[in-house]
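Encoded as structure tokens, the structure appears first; notes follow it.
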Amino acid sequence: MRINYVHSTAHLLMPKIVGVILVILLTAIVVSDYLKAKRSGEKKERKRIFAEGFDKIKLFGSFGLFAVYIALLEPLGFLVSSILAMFGFNLIFEGTKDKKSIAVSGIASVIFPLLLWFIFGYVFNITLP
């Protein structure tokens, strides 16, 4: 079997492969759960997706912040949008909201994206979005 490899579209192949694998695994989980319940004769009860009392602000805040991060990558670039997103994630997941923890979050939000930008851009010579 010969695969035609085109460099300009090669980056589109891997997400499709991962998506197909995930659909296959999801199907296997659903079928095996159904067969297990059928064999044991258990009464089918409604499955919960989330545990009771889960933190809705952290979950949905993370989804929203991630969507905003993706939307800001194009207009602001990697560095600025990563600093803002990391600071937002730190605020969402930080247990305390005192001045010291916010300052540490701000410093970390600036240092780590700058470090990644420098390492990938200058050491490895890989451009970031």
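Miscellaneous remarks
- Taken together, the residues in the stretch 88-113 that are aliphatic (A, V, I, L, M) and within 23 Å of Ile70 (Cβ to Cβ) amount to 5.
- If you go through the stretch 25-70 and keep only what is at pLDDT below 90, open to solvent by less than 100 Å² (accessible area, probe 1.4 Å), within 17 Å of the chain's Cα centre (by Cα) and not charged (D, E, K, R), you end up with just Leu59.
- Checking each residue in the stretch 10-24 for being at pLDDT below 70 and either in contact with a strand residue (DSSP E or B) (Cβ under 9 Å, 6 or more places away or on another chain) or open to solvent by less than 80 Å² (accessible area, probe 1.4 Å) (or both) picks out only Ala10.
- Considering the stretch 71-123, the residues that are acidic (Asp, Glu) and under 27 Å from Asp55 (Cα atoms) include one that is surrounded by the most Cβ atoms within 10 Å (Cβ to Cβ), namely Glu94.
- Among residues of the stretch 86-102, those that are assigned to a helix (DSSP H, G or I) and farther than 24 Å from Phe63 by Cα, counted: 2
- Criterion (assigned to a helix (DSSP H, G or I) and at positive phi) met by exactly one of Gly77, Gly53, Gly106, Gly64: Gly77
- Within this structure, Ile83 fails the test of being part of a loop (DSSP other than H, G, I, E, B) and in contact with a helix residue (DSSP H, G or I) (Cβ under 8 Å, 6 or more places away or on another chain).
The values are calculated or read from the model by the stated rules, or taken from the named source; none is laboratory data. These figures come from a predicted structure and were not determined experimentally. Note that each Cβ is placed from the backbone with ideal geometry, even for glycine, and that neighbours are counted across all protein chains shown. SASA here: full protein model, heavy atoms, side chains in, ligands and nucleic acids out. Shrake-Rupley method; radii C 1.70, N 1.55, O 1.52, S 1.80 Å.
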